[in-house]
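Data first, discussion second: the structure below is written as structure tokens.
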Amino acid sequence: MKRIITILLVLTVSSPTPAGALVDSLAQRMIGSAYTDNRSHPVLQRLCDEAGGRHTGSPAGRRAIAILVEELKGIGYDARLEQFIMPGWVRGSDVVRITAPFTQTLRAVAFGYVDRHDPFEAPIVAVTGGRKEDYATLNARGAVVLLSSTPLSRSEAILIAAEQGARGLLLVNEKDGGLLLARISTSTGDPSPIPAYGITAEEGQRVRRLCERSIPVTVFVRTESYCTITETANVVASLPGRGPQKIVLGAHLDSWDLGQGGIDNGTGTAVLFDVARLLKAFSPDNHYALEFVWFNGEELGIWGSKEYVRIHPIDSIAAVINLDMVGTPTGVNPMGMEKYVPFLDSLAERLNGFDLKKGQPIAPWLGSDHVPFMLKGIPAFTPHSFLEEDRVRYYHDFGDTFDKVSKKSLSDASAVVSILARVLANRPDLFPRRNTDAETAALFRKYNLDKRLKRQQDWPFTDE
């Protein structure tokens, strides 16, 4: 889902209005500071080099929290930690090895929430699609399923394979170049019903070709990764406002452990840091309070944002801006609410040097920290960003490193987001009320997202 790059705004408005006079000379100074005084890049370097892959609950994750709190103190914020408990997962020394007709240890990655088990050896059965009907002519009982492509979610494909009696599943990556794709096996945090791994396109295609020629292939699987309960924390820093409500600006601090989390979500984490610096320096007095939140547990199932929504009164939140894999902003998505397009077009006109009208999609999407807010009736906006393919192709793998990050893109995003936040923080007319449950459910149904939310057990509404 993150291939759509995000800056997330949540707001409610009866009719769109112009961006107003807040894109002024002070805004121009903020924009200038985003380039001349950029702090996002050095902060991200510390996170990538000193902590590395910031897997939730890991030593690297805890080190990242400490670095962020220290850096926030340096720009005048007394950050606090909002601790919580969540389903955790620890990666162990896992092995997936072909034992016949040759011997080769595969480059493989256990999906999150795959639990340790007794080692076993089993034949491989190649399946396309992974739906129940795709097993009609196959016997997967006692075998490991090799799945090259599927229209299903990973959790659905894994569950169906388990129901067919499979002992494991190997999902072949769609990208070539020896890349892996770290993901979770269940969206609920429950242990996976069978061990499930991602493997490279090249090795997966080789095994499939053997299966298609009826050459028996066997595989040895040993999983030492395990599920556990993890304690972690969201990092929160605030600027007070004149009114009782606040605008939340968020980004997930955690990443997968294979790389350094430079792009995902080092970019969002770093941009949020510089936005906090800019607003404190140039716009500390606003109608709405501004709350900067670095969520944890996003990669394992957006647990940090779920927790934030659980413990904070929803009526106190006027809007949320979520930064996930941020590049140079190119347009704003009103997440299905077309009535906001005139307002966004007005802002884009006032920031015409950033070319924010390159792309203005309106369809909402799932898979990041905006979803828990949307499900509470808070509408969401997600501006697009541009990230070069050679920077994002290593998504969730070893190559997601600090050297892929563009300093200019961080400044571009920091400038746009800080102005956007300042405008929203001083426009109480944009937030008359939250959406009702009926309106929220209708929005998700319109874009056919209700089915996925139900499969993930995240659908809170009663169907009519």
Checklist entry - Pairs, please: C-beta under 6 Å, at least 6 apart or cross-chain, first residue in the same structural domain as residue 51 (by TED's automatic domain parsing) and in the stretch 66-77, second small (Gly, Ala, Ser) and surrounded by 17 or more Cβ atoms within 10 Å (Cβ to Cβ)? => result 69/79; 72/79; 72/237; 77/237
Checklist entry - Can you name every residue in the stretch 409-438 that is in contact (Cβ under 8 Å) with a residue 24 or more places away in the chain and either more than 25 Å from the chain's Cα centre (by Cα) or outside the structural domain of residue 265 (by TED's automatic domain parsing) (or both)? => result 423, 426, 427, 428, 429, 430, 431, 432, 433, 436
Item to check | Sole residue being under 27 Å from residue 90 (Cβ atoms) and not hydrophobic (A, V, I, L, M, F, W, C), chosen from 213, 209, 183 | outcome: 183
Next on the checklist: Quick check on the stretch 269-292. Is at least one of its residues buried (at least 22 other Cβ atoms within 10 Å of the Cβ) and within 30 Å of residue 445 (Cα to Cα)?
Outcome noted: no
Checklist entry - Considering the stretch 443-464 alone, what residues qualify as being free of Cβ contacts under 8 Å to residues at least 40 places away in the same chain, outside any helix (DSSP H, G or I) and surrounded by 12 or more Cβ atoms within 10 Å (Cβ to Cβ)? => result 459, 461
Checklist entry - Based on what the data block shows, is residue 279 at pLDDT 95 or above and of a type in the set (A, V, I, L, M)? => result yes
Item to check | Failed item in (1) in contact with a Phe, Trp or Tyr (Cβ under 8 Å, 6 or more places away or on another chain); (2) under 19 Å from residue 299 (Cα atoms), with residue 243 passing the rest | outcome: (2)
Checklist entry - If we scan the stretch 325-345, do we find a residue that is closer than 26 Å to residue 241 by Cβ and at pLDDT 90 or above? => result yes
Item to check | Residue that is surrounded by the fewest Cβ atoms within 10 Å (Cβ to Cβ) [pool: residues in the stretch 350-371 that are among the charged types (D, E, K, R) and in contact (Cβ under 8 Å) with a residue 60 or more places away in the chain] | outcome: 350
Item to check | Positions within the stretch 118-142 being among the small types (Gly, Ala, Ser) and within 18 Å of residue 172 (Cα to Cα), in sequence order | outcome: 122, 126, 129, 130, 140
Checklist entry - Do we have any residue at all in the stretch 80-92 that's over 25 Å from the mean Cα position of the chain (by Cα) and of a type outside the set (S, T, N, Q)? => result no
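When you go through 446, 407, 454 one by one, which is the residue that is out of contact with any strand residue (DSSP E or B) (no Cβ under 8 Å at 6 or more places or on another chain), under 15 Å from residue 266 (Cα atoms) and not β-branched (Val, Ile, Thr)?
On the way: 446 fails: under 15 Å from residue 266 (Cα atoms); 454 fails: under 15 Å from residue 266 (Cα atoms).
Only one candidate qualifies: 407.
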Item to check | Condition check for residue 390: surrounded by 19 or more Cβ atoms within 10 Å (Cβ to Cβ) and either among the charged types (D, E, K, R) or not in a helix (DSSP H, G or I) (or both) | outcome: no
Item to check | Pair list, Cβ under 9 Å, 6 or more apart: the stretch 117-136 residue under 15 Å from residue 194 (Cβ atoms), other residue of a type in the set (Ser, Thr, Tyr) and part of a loop (DSSP other than H, G, I, E, B) | outcome: 117/223; 119/223; 127/148; 127/150; 130/149; 130/150
Checklist entry - Do you know which residues across the stretch 301-345 are of a type in the set (Asp, Glu), more than 19 Å from residue 269 (Cα to Cα) and either crowded, with 21+ Cβ neighbours inside 10 Å or in contact (Cβ under 8 Å) with a residue 60 or more places away in the chain (or both)? => result 315
Checklist outcome for this item: Screening 248, 275, 326 for residues that are assigned by TED's automatic domain parsing to the domain that holds residue 61 and over 21 Å from residue 35 (Cβ atoms) leaves only 248
Checklist entry - Given (1) assigned to a loop (DSSP other than H, G, I, E, B); (2) in contact with a strand residue (DSSP E or B) (Cβ under 7 Å, 6 or more places away or on another chain); (3) closer than 29 Å to residue 437 by Cβ; (4) modelled with pLDDT under 95, where does residue 301 come up short, assuming only one miss? => result (4)
Checklist outcome for this item: Taking the stretch 156-178 and keeping residues touching a Phe, Trp or Tyr at 6+ places or on another chain (Cβ under 7 Å) and assigned to a loop (DSSP other than H, G, I, E, B) leaves 164, 167
Item to check | Matching residues, the stretch 82-131, being small (Gly, Ala, Ser), surrounded by fewer than 18 Cβ atoms within 10 Å (Cβ to Cβ) and under 24 Å from residue 304 (Cα atoms) | outcome: 92
Checklist entry - Quick check: anything in the stretch 418-432 in a loop (DSSP other than H, G, I, E, B), at pLDDT 90 or above and not basic (Lys, Arg)? => result yes
Checklist entry - Is the stretch 139-155 home to any residue that is surrounded by fewer than 22 Cβ atoms within 10 Å (Cβ to Cβ) and either free of Cβ contacts under 8 Å to residues at least 12 places away in the same chain or not in a loop (DSSP other than H, G, I, E, B) (or both)? => result no
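The values are calculated or read from the model by the stated rules, or taken from the named source; none is laboratory data. Source: prediction; values computed, not measured. Backbone-built Cβ (ideal geometry, glycine too); neighbour counts: all protein chains shown.
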